[in-house]
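As structure tokens, the structure follows; a few thoughts come after it.
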Amino acid sequence: MQGQSLRFEAIGTQWQIELYDEITVDKFHKLRGLVEQRIDEFDRVYSRFRADSTVSEIAQTPGKYVFPSDATELIDLYRRLYALTDGAVTPLIGGMMSEAGYDSEYSFRPRPIQPVLKWEEVMSFDGGILTTNRAVQLDFGAAGKGYLVDLVAELLEAEGVYSYLINAGGDMRHRGSSPVRVGLEDPYNTKQAIGVFELSNESLCASAVNRRAWGEYHHIMNPKTGRSEDGVVATWVVAGSTALADILATALFFCEPHKLVEQFDFEYAIIRSNNQLIASPKFADAMFK
């Protein structure tokens, strides 16, 4: 079999995995089982929407928690962006998001917003162990889905599949000899595109205020103001890993791109709330004139 697709729903989003390599029927079914198992393993650690996850336990009880060996890269990435954005990108945003109504019950009923705690005051991570001195609601949404895409990609490659496109609700990772053309959704009209990016052996992630919005809030919360960030409407990032593209797409809501370009290799486009477009060269060329 060649050109097969895996399609399913997981972690609250639609997944589509295009397998370009030739594989047998048995291999196809094996891959599906391995992918679904890997996603569930990740979800049981990082989800704040299921009661049996490690993150949900941390929200109830302070202490020491052993994280998977692959957690170090993810948390180190958060630590770097936490410093670069002066605390705007933080896993500790989970409490504020829940208070705003984006809670485990999806109530979308806001409650009084409490200040977001500082990383160094409430938790530390060392040797795969996360230690907290109080109950804290964590949220790894800024990079978690992108990181999971990378983990699924590692699984595919370990099974001998090297040409693929993973699309998890718009977080994409491509590997293969033939690039794919990706439409860049207009944040003001989701039925239209404002450009087309040619993705080749890279990852692309986007973030926009029209996704997961309710009342006066959307999912990109500013821990300094207690409100959803309103200076940016949409961002797109292309980078070597999906985790990096994912977290930078969030960071660009809070941080000028030049500060991030000094630290990371990536392409970007930003639409500000005044409709100003700011884009690196590859994205500028991808936009419809």
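Values in this text are rule-based calculations from the coordinates and carry no lab data. Since the structure is predicted, the reported quantities are computational estimates derived from the model, not experimental observations. Here the Cβ positions follow ideal geometry from the backbone for every residue, glycine too, while neighbour counts run over all protein chains shown.
A few remarks follow.
- Within the listed set Met172, Met123, Met97, the residue fluctuating most in the Gaussian network model of the chain (springs between alpha-carbon atoms under 10 angstrom) is Met123.
- Pairs of Cα atoms nearer than 8 Å and 6+ residues apart set the relative contact order; for the chain it is 17 percent.
- Amide H contacts of Leu184 (H built 1.01 Å from N, under 5 Å, at least 5 apart or other chain): Ile194, Gly195, Val196, Phe197
- Amide H contacts of Trp214: none lie under 5 Å away among residues 5 or more positions distant or on a separate chain (H built 1.01 Å from N in the peptide plane; Pro and chain starts excluded).
- Estimated translational diffusion coefficient (Stokes-Einstein, Kirkwood radius over Cα pairs, 37 °C, 0.692 mPa s) of the stretch 1-152: 193 µm² per second.
- Whole-angstrom Cα spans of the chain along principal axes, big to small: 52, 46, 36
- Under 5 Å, built H, 5+ apart or other chain: amide partners of Ala10: Trp15
- From phi via Karplus (6.51, -1.76, 1.60), per-residue ³J(HN,Hα) for the stretch 104-114 in Hz, x at Gly/Pro: 5, 8, 6, 6, 6, 10, x, 10, x, 8, 9
- Across the stretch 113-184, the volume of the C-alpha convex hull divided among the residues equals 155 Å³ per residue.
- Centroid-to-centroid, using Cα positions, the stretch 235-289 and the stretch 160-185 are 18 Å apart.
- Model label zone, Ser177; criterion: amide N under 20 Å from point 7 Å along Cα-to-beta-carbon; scope the stretch 17-59: 18-24
- Options Asn222, Ala88, Ala158, ranked by Cα towards positive dipole end of the chain, top entry (Cβ charges): Asn222
- Partner aspartates and glutamates for Lys259 [C-alpha distance under 15 Å; skip if fewer than 8 residues away on the same chain]: Asp86, Glu267
- Each residue of the stretch 39-54 was assigned a 3J(HN,Hα) from its phi angle through the Karplus curve 6.51 cos²θ - 1.76 cosθ + 1.60 (θ = phi - 60°); the sequence is 5, 5, 4, 5, 4, 5, 9, 9, 6, 9, 9, 10, 5, 9, 7, 4 Hz, with glycine and proline shown as x.
- Shape category assigned to the stretch 86-222 from the gyration tensor of Cα positions, a/c cut at 1.5: oblate
- Relative contact order of the stretch 139-269, taken over Cα pairs closer than 8 Å and 6 or more residues apart, is 24 percent.
- For the stretch 167-289, the extents of the C-alpha atoms along the principal axes are 45, 34, 28 Å, listed from largest to smallest.
- Cβ-based charge dipole, the chain, positive-most Cα from Trp15, Thr131, Ile270: Ile270
- Rounded if a/c under 1.5, otherwise prolate or oblate - the stretch 149-226, Cα gyration tensor axes: oblate
- The mean of 1/r over all distinct Cα pairs in the stretch 199-256, once inverted, gives the Kirkwood hydrodynamic radius of 12.0 Å.
- Magnitude of the charge dipole for the stretch 143-289, about its Cα centre and with charges confined to Cβ atoms of Lys, Arg (+1) and Asp, Glu (-1), is about 420 debye.
- Mean Cα-pair separation over length for the stretch 9-103, i.e. relative contact order, pairs under 8 Å, 6 or more apart, %: 12 percent
- Of all aspartates and glutamates in the structure, the ones whose alpha carbon falls short of 20 Å from that of Lys191, not counting any fewer than 8 places away in one chain, are Asp171.
- Using θ = phi - 60° and Karplus 6.51 cos²θ - 1.76 cosθ + 1.60, couplings along the stretch 238-244 (whole Hz; Gly, Pro as x): 10, 8, x, 10, 6, 4, 5
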